[in-house]
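Inspection log for the structure reproduced underneath, given as structure tokens.
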Amino acid sequence: MRYIPNDLAGKKILITGGGGFIGSNLAFYLQKNHPAANITVFDCFRTGEFFPSGNPTSFGDQRNLDGFNGEIIHGNINSKEDLQKIVAGKFDIIFHQAAISDTTVEDEAIMLQTNVKAFSDILVIAQQTNAKVIYASSAGTYGNSAPPNRVGAQETPTNVYGSSKLLMDIIASKFLLENEGMHIVGLRYFNVFGPREFLKGKTASMILQLGLQALSNKKVRLFKFGEQHRDFIYVEDVVQANIKALDAVKPGVYNVGTGISRTFNDIVKALAQEIGEFEVEYFDNPYAFYQNHTQADIQETKEMLNFEPGFSLEPGISSYINEIKAIHEQKIYS
Ligand SMILES: NC(=O)c1ccc[n+]([C@@H]2O[C@H](COP(=O)([O-])OP(=O)(O)OC[C@H]3O[C@@H](n4cnc5c(N)ncnc54)[C@H](O)[C@@H]3O)[C@@H](O)[C@H]2O)c1
């Protein structure tokens, strides 16, 4: 499923975080479907630094952009000097994906600087240069509140990451009130999975983690007893939401999920359909704060963005399984 919005030909489009999972998928979608658009990626890529968890401080990787023909700016959104490159680019559209995407990071100072302060700076640039802004928010804003999750209701994040994304939404709303005519749309992605997430390592989706475990060991490990519910959304649908957000009837914040929650056990069944049976071992969940049930209410997203998810869990996994097998066989990313 794809959607061609009103003429992107000749438009200058910036994707911050375009070296990461979702940003690179967006870059390739635009390159393929809007060849007359002028696409630039801005990313700090990997810096060789790590958080105490052992995860890199940024997941961007040039390998995600193999075959991308647009311009690539190596820059850090936390650097005023690097942000000047965005000012100079005079972009018509900014898809802002850059962020600390690792939900386990507890360092508030770096999370707030990267996810919140730098976002404010980008909004100011967009206001000065008259750019539309579509940015990545998150289902992390809802914490453990009761499903279905609705924008404006029960936003009680349980970690620093979720709080940073909620602050982004608050800042964007305030900015819209103060700057009439601006087009700013926040997209609360639920659990995204699909091609080009491998380099996120331990923070990649359960679909990839379980798929690789099953292929390598004929066995997967799940938190007891695999009945945690998530709204899993295929990356192609997330790309579609970003494109449709350009023509949103009303700026604001919208959920991006399928509207249906599925369990980790459902992933196991869907993977078994693709690669054959394997064993499941259940173990105690070590996390004190863990979202046990997320489910997007997407009524407003449908009405205001004309968004319609194209993939439920099983077709998403079918579409993705060849990449998972290729990673396992070390044919890619080796
Ligand atoms: N993947 C999901 O399930 C999911 C769910 C909800 C929200 N999100 C949000 O969607 C966006 C994209 O997520 P993703 O899964 O592609 O993660 P990702 O980590 O693969 O992509 C983020 C990109 O931002 C870059 N980046 C980080 N800090 C930067 C900095 N200071 N300056 C410049 N670039 C920087 C990274 O190098 C990386 O390429 C993020 O904002 C994330 O919080 C993702």
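Every read-out reported here was derived from the displayed coordinates using simple, explicitly stated rules and does not represent laboratory data. Note that the structure is predicted; figures quoted are calculated from it, not measured. Note that each Cβ is placed from the backbone with ideal geometry, even for glycine, and that neighbours are counted across all protein chains shown.
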Whole-Hz couplings from phi, Karplus 6.51/-1.76/1.60, listed for region 95-108; x for Gly and Pro: 8, 9, 10, 5, 5, 6, 8, 7, 6, 8, 5, 9, 6, 5
Computed over the chain: relative contact order in percent, which uses C-alpha pairs under 8 Å that are six or more apart: 17 percent
Label-point gap, in nm, between residue 31 and residue 47 - each point 7 angstrom along Cα→Cβ: 2.6 nm
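Provide 287, 234 in ascending order of the number of other Cβ atoms located within 10 Å of each residue's Cβ, fewest first.
Working: 287 10, 234 24.
Placing the least packed residue first, the sequence is 287, 234.
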Region 124-139-region 205-283 distance, computed between alpha-carbon centres (Å): 28 Å
Axial C-alpha extent at least 24 Å, average Kyte-Doolittle at least 0.5 - helices from the chain (DSSP): 160-178
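For a quick protection proxy, order the peptides 42-49, 296-303, 74-81 by their average other-Cβ count within 10 Å, most packed first.
On the way: 42-49: 17.4, 296-303: 18.9, 74-81: 14.9.
So the order, starting with the most tightly packed, is 296-303, 42-49, 74-81.
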Estimated FRET transfer efficiency when R0 is 30 angstrom, pair residue 326-residue 71 (beta carbons, to 0.05): 0.60
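Indicate, rounded to the nearest 5 percent, the antiparallel portion of the DSSP beta bridges found entirely in the chain.
Numbers: 3 of 41 bridges.
Antiparallel: roughly 5 percent of the beta bridges in the chain.
If you count, for each residue, the other Cβ atoms within 10 Å and average over each peptide, how do 135-142, 311-318, 181-188, 151-158 line up from highest to lowest? Don't skip to the answer; put the middle values down first.
Numbers: 135-142: 26.4, 311-318: 19.0, 181-188: 21.5, 151-158: 15.9.
Descending packing order for the listed peptides: 135-142, 181-188, 311-318, 151-158.
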Pairs of Lys in region 178-334 closer than 15 Å at Cα, counting only those 8 or more apart or on different chains: 5
